Amino acid sequence: MALQRSLAPWPKGHPFAVPTFDDIISDAQSVKLEQMKDFHARFYGAQAGEVVAVGDFDPAELSKQLEGLLGDWKAKEPFVRIPRAFREVKADAATLDTPDKENAFFGLGVNFPMKDSDPDFPALVMADYMLGGGFLTGRVTQRLREREGLSYGAGTMMDAPPLDDGAVMMGYAIYAPQNVQKVETGFKEEVARAVEKGFTADELKQARSGLLKQREQERANDQKLARELLKQLYVGRTMQFDQAVDDKLKDLDVAAVGSALKKHVDPARLVTIKAGDFKKVAAPK
């Protein structure tokens, strides 16, 4: 949550603001029943809703049932999408004390202007997979978990929205508190090395096969497929968009992947968060 709050620094009270745990508790304790009823009456309704169903069903019967249940349910306030404009985040570092926890957490991330329709998006998806999105095959995971035995689990993730220009690449590691400095150093070194020198042809060959298979398997999952179809319905796309991304992933070369990573990800702008009980070890810098 602290990493997400650092990468999306919306002010308290904004719909996109990431609350602290204290904020969540305070809000829950202070809210009144009448406030909830008023908010529900103003903003809850089905007049701007979308429905996606995946499975064995009768479309006509389902539509009839939904119309009967929700057709007259309208909110007082019209639906208006809230833009999520890109807001550049500068490098920052924080250490959070979590007393008596045996494991510690390390997170890092960087944001950059990009939509998922950007020509560089498939190359960034591939770069993320090779860094740590592919879990055991990623550079970060291989170093921290497999070779150096510092982390119980580590990886990366990358996301770009369809309508607003704000992408993020994040990473995490779970480790024993005494390994905090080695974990941070190793993670940052792997990110910097990938940005500076790119990847090898063998890495790309292995990652391409794994990533395309992963995307195929996700489309075979009803729940994930429904979420993807719902997003496409809202944005005004079809599954042809996913097919186009797959086609670009098949055609990528190492130069394109390395160039896109270097263009959009600046290691000097990384935000880092360390959370753990560090009382028995030297305080993290």
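The values are calculated or read from the model by the stated rules, or taken from the named source; none is laboratory data. Bear in mind that the values here come from a model prediction, so they are computed numbers and not experimental data. Neighbour counts are summed over all protein chains in view; Cβ atoms, including those assigned to glycine, are modelled from backbone coordinates with ideal geometry. Surface areas here come from the heavy atoms of the whole protein model, side chains and all, with no ligands, DNA or RNA. Shrake-Rupley method; radii C 1.70, N 1.55, O 1.52, S 1.80 Å.
Structure notes:
- Hits in the stretch 91-140 - residues which are assigned to a helix (DSSP H, G or I), open to solvent by 10 Å² or more (accessible area, probe 1.4 Å), closer than 27 Å to P9 by Cβ and not small (G, A, S): F121, V125, D128
Yes/no matrix, rows are residues, columns are (1) touching a residue at least 12 places away in the same chain (Cβ under 8 Å); (2) of a type outside the set (S, T, Y); (3) outside any loop (DSSP other than H, G, I, E, B); (4) surrounded by 12 or more Cβ atoms within 10 Å (Cβ to Cβ):
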position	(1), (2), (3), (4)
D23	no, yes, yes, yes
S26	no, no, yes, yes
D38	no, yes, yes, yes
F57	no, yes, no, no
L62	no, yes, yes, yes
V80	no, yes, no, no
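- Tally of residues being assigned to a helix (DSSP H, G or I) and open to solvent by 70 Å² or more (accessible area, probe 1.4 Å) across the stretch 40-55: 3
- Criterion violated by Y152 - all others in (1) among the aromatic types (F, W, Y); (2) surrounded by 14 or more Cβ atoms within 10 Å (Cβ to Cβ); (3) more than 15 Å from the chain's Cα centre (by Cα); (4) not in a helix (DSSP H, G or I) satisfied: (2)
- Unmet criterion (only one of (1) open to solvent by 60 Å² or more (accessible area, probe 1.4 Å); (2) touching a residue at least 40 places away in the same chain (Cβ under 8 Å); (3) in contact with an Asp or Glu (Cβ under 8 Å, 6 or more places away or on another chain)) for K12: (2)
- Criterion (of a type in the set (G, A, S) and open to solvent by 20 Å² or more (accessible area, probe 1.4 Å)) met by exactly one of A226, A167: A226
- Of all residues in the stretch 126-161, exactly one satisfies the criterion of being modelled with pLDDT of 95 or more and either of a type in the set (F, W, Y) or touching a His at 6+ places or on another chain (Cβ under 7 Å) (or both), namely Y129.
- The residues of the stretch 155-179 that are more than 14 Å from the chain's Cα centre (by Cα) and assigned to a strand (DSSP E or B), listed by number, are A173, I174, Y175.
- Residue pairs whose Cβ atoms lie under 9 Å apart, separated by 6 or more positions or on different chains, with the first residue in the stretch 140-159 and in contact (Cβ under 8 Å) with a residue 12 or more places away in the chain and the second acidic (D, E), are V140/E190; R143/E189; R143/E190; L144/E190; T156/D128; M157/D128; M158/D128.
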